[in-house]
Amino acid sequence: MGLKEGLRRTRARFGAGLARLVGTAGGEGAVEEIEDLLLGADAGVEATERIVANLRDRLRRRELNDPERLRDALRAELISILEPVSTPLVIPRGRDTPFVILVVGVNGTGKTTTIGKLCAQLRAQGRSVAVAAGDTFRAAALAQLAAWGERAGVPVTASSEGGDPAAVAFEALEKARARGTEVLIVDTAGRLHTQAHLMDQLRKVCRVIRKFDPSAPHEAMLVLDATTGQNALTQATEFHQIVALTGITLTKMDGTAKGGMVFALAERLGTPIRFIGIGEGLEDLQGFDAAGFVDALLAEP
Ligand SMILES: Nc1nc2c(ncn2[C@@H]2O[C@H](COP(=O)(O)OP(=O)(O)O)[C@@H](O)[C@H]2O)c(=O)[nH]1
Ligand SMILES: [Mg+2]
């Protein structure tokens with residue numbers, strides 16, 4: 001699925017609203033309309049206010065006389081909000097120990113699915129990958145991960161249900177180092193701030209990884225479900241207190257009209273957005289790029 005298609009619900013409301021608007025009057029009325037559209041797409045108050053204030057400035061300086069220029073100005077404003085968080089995940093080659101990606105997030109956000117997609121992408125780029133099945137909390141979790149691993153041709157280290165995820169992570173790290181595997185992705189159980197036990201477990205997994213390699217995890221990726229709207233910001237803050245997040249993957253963009261979430265995340269958190277999930281298939285994971293995202297959002301239907 002292409003990004004434009006993946007963003008169809010957000011585009012249907014936001015993009016189409018803008019296209020309509022650009023075809024008509026312009027002026028202060030148009031800016032107010034843009035404000036409503038941004039808020040409606042969950043872009044958040046801060047990002048929306050910044051965009052709208054800049055557009056009003058340009059309006060006052062009579063820089064937005066025709067619809068074409070309003071569209072260009074809006075495009076530039078949207079890109080400038082996303083640019084600071086538009087840094088791809090780069091995995092260096094030729095390391096002695098595996099590059100460790102720790103994947104965290106609330107249950108059901110799409111961690112395991114994202115890991116499966118990421119495995120497939122990395123394999124397609126010729127990288128060697130292994131996975132640690134750190135979600136020992138749910139019975140179905142291991143089977144799901146094993147199936148993804150098989151599809152992507154990636155070994156999965158696991159223990160029995162109810163086992164110790166930190167021990168699984170450690171075993172997977174040792175195996176990966178012994179085999180010269182380039183990338184180890186560590187899956188974890190969904191955690192909520194209310195589940196103190198699971199949060200402690202996550203701390204322990206981090207400790208074990210750091211003991212193995214003080215520079216690891218090299219990427220601590222939070223997976224957020226775009227359909228949860230502003231609640232995702234709360235989740236990010238909570239996870240950040242346990243592990244210093246270095247990247248975000250926003251899943252289920254295909255299932256929401258609130259794709260404006262990325263602007264709220266960029267403005268409020270500033271954590272790089274690495275990937276966008278746009279479906280349940282192996283190929284439905286897109287690297288995040290500010291201009292590419294905005295152009296898909298503003299594309300004509
Ligand atoms: N439509 C859609 N569904 C997704 C996406 N990512 C994950 N899912 C679905 O979300 C559900 C939960 O995913 P899972 O990976 O098990 O979440 P986890 O509990 O965080 O590991 C599954 O049904 C996935 O197929 C996405 O980008 N788009
Ligand atoms: Mg899972």
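Derivation of every value follows stated rules applied to the coordinates shown; laboratory data play no part. Note that the structure is a prediction, hence the values are computed from the model and not measured. So basically every Cβ, Gly included, is an ideal-geometry build from the backbone, and we count neighbours across all protein chains shown.
Using modelled backbone amide H atoms (1.01 Å from N, in-plane), which distant-in-sequence or interchain residues come within less than 5 Å of Thr136's amide H?
Amide H neighbours of Thr136, under 5 Å, 5+ apart: Ala189.
Using Cα pairs closer than 8 Å and at least 6 residues apart in sequence, work out the relative contact order for the stretch 99-288, in percent.
After rounding, I find 26 percent.
By the scheme Lys and Arg +1, Asp and Glu -1, what is the net charge of all other residues having a beta-carbon under 13 Å from that of Gly153?
Local charge sum for Gly153: +2.
I need the phi-derived Karplus couplings for the stretch 253-258: 6.51 cos²θ - 1.76 cosθ + 1.60, θ = phi - 60°, integer Hz, Gly and Pro marked x.
4, 5, x, 9, 9, 9
Dipole of the stretch 95-141 (Lys/Arg Cβ +1, Asp/Glu Cβ -1, origin at the Cα centre): which of Gly126, Gly110, Thr97 lies farthest to the positive side?
Going by the Cα projections, it comes out as Gly126.
What net charge is computed for the residues neighbouring Asp96, neighbours being all others with C-beta under 12 Å from the C-beta of Asp96, Lys and Arg scored +1, Asp and Glu -1?
+1
If you add up the charges near Ile34, with Lys and Arg at +1 and Asp and Glu at -1, over every other residue whose beta carbon is less than 11 angstrom from its beta carbon, what do you get?
Residues close to Ile34 contribute a combined charge of -4.
Springs between alpha-carbon atoms under 10 Å, Gaussian network over the chain: tell me which of Gly126, Gly163, Gly229 tops the mean-square fluctuations.
Judging by the Gaussian network model, the answer is Gly126.
Could you give the dipole magnitude of the stretch 3-85 about its Cα centre, charging the beta-carbon of Lys and Arg +1 and that of Asp and Glu -1, in debye to the nearest 20? It would help to have the intermediate numbers written out before the result.
On the way: 15 positive and 16 negative charges, 60 e Å.
Roughly 280 debye for the stretch 3-85.
Roughly how many debye, to the nearest 20, is the charge dipole of the stretch 1-157 about its Cα centre, given +1 on each Lys and Arg Cβ, -1 on each Asp and Glu Cβ, and no other charges? It would help to have the intermediate numbers written out before the result.
On the way: 23 positive and 19 negative charges, 133 e Å.
Dipole of the stretch 1-157, to the nearest 20 debye: 640 debye.
Are there DSSP H segments in the chain that both extend 18 Å or more along their axis (alpha-carbon positions) and score a mean Kyte-Doolittle hydropathy of at least 1.0? List them, or say none.
none
Would you grab the residues whose amide H sits under 5 Å from the one on Val106? Only those 5+ places off in sequence or on another chain, please, with H modelled 1.01 Å from N.
Sorted by chain and number, the residues that satisfy this are Arg191.
Place a +1 charge on the Cβ of each Lys and Arg in the chain and a -1 charge on the Cβ of each Asp and Glu, then give the dipole magnitude about the Cα centre in debye, rounded to the nearest 20.
Details: 36 positive and 38 negative charges, 117 e Å.
The dipole magnitude comes to about 560 debye.
List the relative contact order of the stretch 3-85 as a percent without decimals, with contacts defined as Cα pairs under 8 Å and 6+ residues apart.
Taking the mean separation of contacting Cα pairs over the length of the stretch 3-85, I get 30 percent.
Mind checking which of Gln286, Ala147, Gly44 is farthest towards the positive end of the chain's charge dipole, using Cβ charges of +1 (Lys, Arg) and -1 (Asp, Glu) about the Cα centre?
Result: Ala147.
What residue among Ala257, Gly229, Leu82 has its Cα farthest toward the positive end of the dipole of the chain, where the charges are +1 on Lys, Arg and -1 on Asp, Glu, each on the Cβ?
Leu82
Could you list which residues have their amide H under 5 Å from that of Asp289, counting only those 5 or more apart in sequence or on another chain, with H placed in the peptide plane?
Those lying under 5 Å, H to H, from Asp289: there are none.
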